[in-house]
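Encoded as structure tokens, the structure appears first; notes follow it.
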Amino acid sequence: MSLCKDFLREEEHVKVFLKSLYRYVFDDLYEHPALEKDVTELQKLYQLRRRHTLDHDSPHRNSRALFHQLSLKENGLRSRSTQRENKEVLCRVYVTMDSYLSAKVRSEVMAQELLQAVAERMDVPASELILVAITYPGGRLLLQPQDKVFSNSLRPVGRLHICRKDLGEVMNPFTDNSEMQQRTARMLNLNTWDVAVALTSFDWTIFNSMHEQELVYFTFNRHVCSSHTMPLELLLQRCNEVQLWVMTEVLLCPTLCKRVQLIKKFIKIAAHCKAQRNLNNFFAIIMGLNAAAVSRLSQTWEKVSGKFKKLFSELETITDPSLNHKAYRDSFKKMKSPKIPFLPLLLKDITFIHEGNKTFHDNLVNFEKLHMMADMARFVRECQQDHV
């Protein structure tokens, strides 16, 4: 129980076992006074379990501070912690790239119902609006009236945007050009090291709250035990969001010279993230700059100085997938802890271990496979040593 923390406390069989064990030990306490210490320990475990089950918003005891931080507007992560049994989901519909409307809706809500609710709050006729899901990495999905907004895992089909019908081809019709210029100016005024520190601090808060056992739950039965893998899924989502953020900032920049400055700024931020041993964000930023929509801005890249092109080329080398990401693995191995690994690659490795090896052979447990999975969990624990 001490090793596995809250994972075991949520298993129904373990709850029954704890109650029975506590009752029997308590009954024997009169004849065997030496059991008093064990009774005290069991009381602590039982009380922790009870307090835990009453706290529906926190799937991990050490996540209170995390979820307080994740409730910040720009991340909108609190809605992802909604439990399936609540049957209600906090839904966010963006009216610009920076602002959104929040609404608590049923988990089975249809696109037409959500569109109607948002239209009333905007005081715009619903007939003039459409609901669009911006899917990663930048695709568009027009939701039909009877389409379900949420998947089985209670996640939106994509980032939800409201668009006017006559401006349906515009991803962000409610943002005017002056707002875009102000947005770029704000971004260019930020110190690159400070941005990297903020990104790393935020990621570390999530990563440090992640239990290594989440890798096992995520690989074997994440659909059954989704509440066990909350920090892990938040980090994966975070990687996608940072990548989309980089693309969005560059593509919304209205002038060539500022776009060049912005790309140089992101290259420096990526280098700082690497220096701070945050490889999750490092990969996200490099992939964002390598996205087709950004890399085909030939005039912009021509204006980037040779010094920054050389730095970007060096950083790209680390993300090279050849030889099973050998460049990344060698570089990461040389870094001292604490450090944040590139989570998608970590999950790819453990998935290959799981799917490439049978768990049982002739009704005998394949311990070789379990040893390999334990090595992956141990790897995460080593990365979490000390504090950023």
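The values are calculated or read from the model by the stated rules, or taken from the named source; none is laboratory data. For clarity, every value in this text was computed on a predicted model and none was experimentally measured. Here the Cβ positions follow ideal geometry from the backbone for every residue, glycine too, while neighbour counts run over all protein chains shown. Ligands, DNA and RNA are stripped out before the accessible areas are found, and what is left, the full protein with its side chains, is counted by its heavy atoms. Shrake-Rupley method; radii C 1.70, N 1.55, O 1.52, S 1.80 Å.
With the highest mean first, a sort of the peptides 211-218, 311-318, 358-365, 283-290 on other beta-carbon atoms found within 10 angstrom per residue produces 283-290, 211-218, 311-318, 358-365. For the pair PHE220 and GLU12, the difference between a 0.36 nm per residue extended length and the Cα-Cα distance amounts to 73.1 nm.
How big is the equivalent ellipsoid of segment 282-388 along its three axes, where each semi-axis is √(5λ) from the Cα gyration tensor, reported in whole Å from largest to smallest?
Over the Cα atoms of segment 282-388, the semi-axes work out to 37, 17, 10 Å.
A simple spin-label model places pseudo-atoms 7 Å from Cα toward Cβ; at PHE367 and LYS348 they are separated by 3.2 nm.
If the chain linking GLU113 and GLU36 were pulled fully straight, counting 0.36 nm for each residue of separation and taking away their Cα-Cα distance, it would gain 21.9 nm.
Give me the net charge of ALA374's neighbourhood, meaning all other residues with Cβ under 15 Å from the Cβ of ALA374; Lys, Arg count +1, Asp, Glu -1.
Values: positive: LYS369, ARG378, ARG381; negative: GLU212, GLU214, ASP349, GLU368, ASP375, GLU382.
Net charge in that neighbourhood comes out at -3.
Exceedance of the 28 Å cut-off in Cα-Cα distance is limited, within the set LYS303/LYS336; LYS19/LYS104; LYS148/LYS358; LYS310/LYS333, to LYS303/LYS336; LYS19/LYS104; LYS148/LYS358. What is the sum of charges around LYS358, taking Lys and Arg as +1, Asp and Glu as -1, for the other residues whose C-beta is under 14 Å from the C-beta of LYS358? Summing Lys and Arg as +1 and Asp and Glu as -1 gives -2. Counting only Cα atoms, the size of segment 103-144 along its three principal axes is 31, 24, 16 Å, in decreasing order.
A simple spin-label model places pseudo-atoms 7 Å from Cα toward Cβ; at ALA377 and VAL304 they are separated by 4.2 nm. Full extension of the chain between LYS19 and ASP166 gives 46.7 nm of extra length, using 0.36 nm per residue less the Cα-Cα distance.
By accessible area, using a 1.4 Å probe on protein heavy atoms only, segment 341-388 has 55% of its surface on carbon and sulfur. Of the accessible area of segment 189-297, with the probe set at 1.4 angstrom, what percent is carbon plus sulfur? The computed percentage sits at 54. Could you work out the local net charge near PHE207, counting Lys and Arg as +1, Asp and Glu as -1, over the other residues with Cβ closer than 10 Å to its Cβ? Cβ neighbours under 10 Å give a net charge of +1. Heavy atoms of the protein chains alone define the surface here; on that basis segment 277-359 has 52 Å² accessible area per residue at 1.4 Å probe size.
In the structure shown, the pairs LYS268/LYS339; LYS274/LYS369; LYS264/LYS339; LYS326/LYS369 are assessed against 29 Å; a Cα-Cα span above that value is assigned to LYS274/LYS369.
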